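To keep things clear, I will list the structure first and then write my remarks on it.
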Amino acid sequence: MPGVTAAVPPLTAPPAGSIRSLLHRRDFRAFLLARMAPALAGGALSVVLGFHLYALTRNPLDLGWLGLAEAVPAVGLVLYGGHAADRHSRRWITLVTLAAQAALALGLALGTAGGLGAALILVVAVLRGTVRALGEPAIVGLQAQVIPAEHALRAVSVLGSAGRAAFLLGPALGGLLYAAAGPAVTYAVIAAFYVAGAVLLRSGVPDRGPVAPARAGGAAVAIVEGIRYVFSDQVMVGSMMLDLFAVFFGGATALLPVYAADILHVGPAGLGLLRAASSFGGLAAMLLATRHPPRARAGLVLHLVVAGFGVSIIVFGLSTSFALSLAALACAGAFDGVSMVIRQAIMQLIAPDGMRGRIAAVRSVFITSSNELGDFESGIAASLIGAVPAVWLGGVITLAVVAVTAWRAPVLRRLDLGHAERQSAAAGR
């Protein structure tokens, strides 16, 4: 009709809470890339350090010392790192620790080119563990400051997917670089990835300053306060215990070489596939969670997926079929991926911001310890009762832990993350 123009749909922002709206945020994109670059570097460095050390000494015991050299400061100092994350700027701490890791990698590059050997690698491992202890609680707290509550569940799924992908790609990148260019160049490239992470964080994520004011009593009082909070809250302690005991008793990673060689008879190539199956399952589950994040009855879902993890480990332990074993490990990884999304969302939505660094540190102590000690437990159990019973009994114990947690932590069992998300959004967290 004359004088009437067709209505042009206005350009609108992506729907709130969607993946598009999440990625539309410049600070989240920068944070995502700033997490991925160091994750790739860390995965590559872990592989290259071990391979380089063994190439220098040809002593398997030195690989044990390497793990211990990093684990002791990583566990021993993380509680102080949590206190620092609640008292100082989390962005500033993260930038400093990324710069420190870049400096360590660059020092390895220069030292290797100058002929320094195994002692340098062990010293760097100690320093790397120290940097991890100070940096990991800060990055957990910074994540909550970057992500608004209405994006929390999708954001932790996206970040988890990216982290799992980096975990898969990082070791391959390190191995290929080492084979093609040698250790010195590899360490230099790793340093560049850490620098890239720092630059992305510095340029794209604003500094929101410290979240908790100074208080009387100093670090010791603040650390004890964080420990007490975790163990007085059913959601925090229950989710932590589910993860702790599932990893400690249900982990089968340490015994995969036994299965590959003596039970499934698939050799080193099959061992590589067995190791990758869990990671691929976890990545698939996290990618699915970016579209369908667990909201209603998330506490019940957490119990069910940890139970599913236990059942998968039982199936793997009893399997003599390579295909079934791969499927069981992939399922275990998928269940663990969903569990990780829920546990990270709990940190994002339930933990008080002023205590989030200390809470993350307490969880890190137990989870890191369970990873290290779980491999030791698996080896001891296998030597006493055999590899097959050691694995499937670990799955049975995991199911028992789920039952006890469901009984003793009903608040966690009834947790609704959708409700927590709405409450946090309304409170402006």
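Of the residues examined, residue 105 is one that is within 14 Å of residue 52 (Cβ to Cβ), among the aliphatic types (A, V, I, L, M) and either modelled with pLDDT of 90 or more or not in a helix (DSSP H, G or I) (or both). A single entry from 220, 172, 184, 191 fulfils the requirement of being free of Cβ contacts under 8 Å to residues at least 24 places away in the same chain and over 23 Å from residue 340 (Cβ atoms): 220. Looking at 128, 164, 132, just one residue is within 24 Å of residue 75 (Cα to Cα), modelled with pLDDT under 85 and surrounded by 20 or more Cβ atoms within 10 Å (Cβ to Cβ), and that residue is 164.
Considered as a group, the residues in segment 210-241 that are small (Gly, Ala, Ser) and touching a His at 6+ places or on another chain (Cβ under 7 Å) include one that is modelled with the lowest pLDDT, and that residue is 219. Taking the listed residues 288, 318, 324, 300, the one that is at negative phi and either at pLDDT below 90 or touching a Leu at 6+ places or on another chain (Cβ under 7 Å) (or both) is 288, with no other qualifying. Counting only helices (runs of 4 or more DSSP H) that sit wholly inside segment 285-398, those with at least 3 residues that are basic (Lys, Arg) are 356-385. Residues considered: 69, 105. Of these, the only one that is buried (at least 23 other Cβ atoms within 10 Å of the Cβ), in contact (Cβ under 8 Å) with a residue 60 or more places away in the chain and small (Gly, Ala, Ser) is 105. Hey, any hits in segment 170-189 for a residue that's under 30 Å from residue 292 (Cα atoms), buried (at least 17 other Cβ atoms within 10 Å of the Cβ) and in contact with a Leu (Cβ under 8 Å, 6 or more places away or on another chain)? Looking for residues that are under 30 Å from residue 292 (Cα atoms), buried (at least 17 other Cβ atoms within 10 Å of the Cβ) and in contact with a Leu (Cβ under 8 Å, 6 or more places away or on another chain), one finds at least one in segment 170-189, hence yes. A residue that is assigned by TED's automatic domain parsing to the domain that holds residue 346, surrounded by fewer than 15 Cβ atoms within 10 Å (Cβ to Cβ), out of contact with any helix residue (DSSP H, G or I) (no Cβ under 7 Å at 6 or more places or on another chain) and more than 30 Å from residue 158 (Cα to Cα) occurs nowhere in segment 285-296. Within segment 33-85, the set of residues being among the hydroxyl-bearing types (Ser, Thr, Tyr) and either farther than 24 Å from residue 172 by Cα or at pLDDT 90 or above (or both) comprises just one member, 80. Only one entry in 146, 199 is crowded, with 19+ Cβ neighbours inside 10 Å and modelled with pLDDT of 85 or more, namely 146. For segment 154-211, filtering for residues that are within 19 Å of the chain's Cα centre (by Cα) and of a type in the set (Ser, Thr, Tyr) leaves 3.
The values are calculated or read from the model by the stated rules, or taken from the named source; none is laboratory data. Note that the structure is a prediction, hence the values are computed from the model and not measured. Glycine gets a Cβ as well: all are built from the backbone with ideal geometry, and neighbour counts include every protein chain shown.
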